[in-house]
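Written below as structure tokens is the structure these notes are about.
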Amino acid sequence: MVKPPKKILIIDDEAVFLEASKNALIPCGYFCITKQDPSEGIMQLKKDSIDLVLLDIMMDPVDGWDILNHIRSHTNGNMVPVMMSSAKKLHPDELIRYGDSMDGFIIKPFLDSELCETVNEFFSFYETLLKISHAALIQGVPESVRKKWVQLNRQIRAMNQIKEILTPPLIIQEPISPEEFLQQRLFQINQIITQKQSERDLIQFQYPVFRN
């Protein structure tokens with residue numbers, strides 16, 4: 001039986017990037033729904049089963065971070081994968097604040113092959129997590145534990161990837177250089193990642209099925 005294509009919801013207030021994203025992903029076998037109005041994107045998420053959301057950050061009047069928070073607060077969106085996109089690099093404090101809610105970050109402009117590869121790699125990773133989670137279900141592992149393990153793995157992967165492309169702001173309010181500022185924030189980010197790894201490892205110690 002042929003599986004239906006993964007359904008990707010693209011939310012971006014710039015029509016050119018909506019079209020570019022759709023044109024890059026459809027040839028890779030994905031079904032794309034595009035929304036230029038963020039509120040329409042949220043409504044789509046509430047009524048439809050979505051496998052991944054590609055969400056632009058720099059939108060007006062409501063930016064992508066506000067939309068991300070809204071998605072995570074809704075029952076249908078609290079577990080759906082969300083990748084953020086922007087023409088600007090991320091500020092370290094944005095990763096610290098929103099790292100728990102993101103599954104990746106895509107820099108604009110992008111090559112079609114880059115976007116396709118990024119999405120393919122994520123689904124390969126995520127489907128492996130879900131298979132292991134299903135095996136844990138069969139063995140009687142509580143749903144709350146399974147969800148937490150999947151969530152921690154998603155957060156660890158995203159934060160490790162995104163920290164490599166962070167850039168400090170040109171102007172900072174602290175009496176240190178931008179390079180020192182970035183190093184301080186990276187230290188803080190690594191502490192967050194280490195804590196999440198410890199939580200994940202404890203679950204895997206308690207439930208060996210997750211070590212597969």
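The values are calculated or read from the model by the stated rules, or taken from the named source; none is laboratory data. Nothing here was measured: the structure is a model prediction, and the numbers come from that model. Here the Cβ is made from the backbone with ideal geometry for all residues, glycine too, and neighbour counts use every protein chain on show. What goes into the accessible areas is simple: the full protein's heavy atoms, side chains included, and nothing from ligands, DNA or RNA. Shrake-Rupley method; radii C 1.70, N 1.55, O 1.52, S 1.80 Å.
Odds and ends about this structure:
- Put simply, of Lys3, Lys108, Lys47, Lys35 the only residue that is surrounded by 14 or more Cβ atoms within 10 Å (Cβ to Cβ) and either out of contact with any strand residue (DSSP E or B) (no Cβ under 8 Å at 6 or more places or on another chain) or in contact (Cβ under 8 Å) with a residue 60 or more places away in the chain (or both) is Lys108.
- Candidate set: region 135-180, residues that are part of a helix (DSSP H, G or I) and of a type in the set (Val, Ile, Thr); chosen: the one modelled with the lowest pLDDT: Ile165
- With respect to the conditions (1) within 14 Å of the chain's Cα centre (by Cα); (2) modelled with pLDDT of 95 or more, Leu130 lacks only one, and its number is (1).
- Subset tally (residues that are among the small types (Gly, Ala, Ser) and either open to solvent by 50 Å² or more (accessible area, probe 1.4 Å) or in contact with a strand residue (DSSP E or B) (Cβ under 7 Å, 6 or more places away or on another chain) (or both)) for region 6-32: 2
- Test: residue in region 12-27 that is part of a strand (DSSP E or B) and under 16 Å from the mean Cα position of the chain (by Cα): no
- For region 62-76, the set of residues classified as surrounded by fewer than 19 Cβ atoms within 10 Å (Cβ to Cβ) and in a helix (DSSP H, G or I) consists of Trp65, Asp66, Asn69, His70, Arg72, Ser73, Thr75, Asn76, listed by residue number.
- Just one of the listed residues (Asp112, Asp103, Asp93) is over 16 Å from Ser21 (Cβ atoms), out of contact with any Asp or Glu (no Cβ under 8 Å at 6 or more places or on another chain) and of a type in the set (Asp, Glu), namely Asp93.
- Looking only at residues in region 114-163 that are in contact (Cβ under 8 Å) with a residue 60 or more places away in the chain and open to solvent by 50 Å² or more (accessible area, probe 1.4 Å), the one that is farthest from Arg200 (Cα to Cα) is Asn120.
- Scanning region 77-94 for residues being crowded, with 17+ Cβ neighbours inside 10 Å and under 11 Å from the mean Cα position of the chain (by Cα) gives a total of 6.
- Met59 being buried (at least 19 other Cβ atoms within 10 Å of the Cβ), hydrophobic (A, V, I, L, M, F, W, C) and part of a strand (DSSP E or B): no
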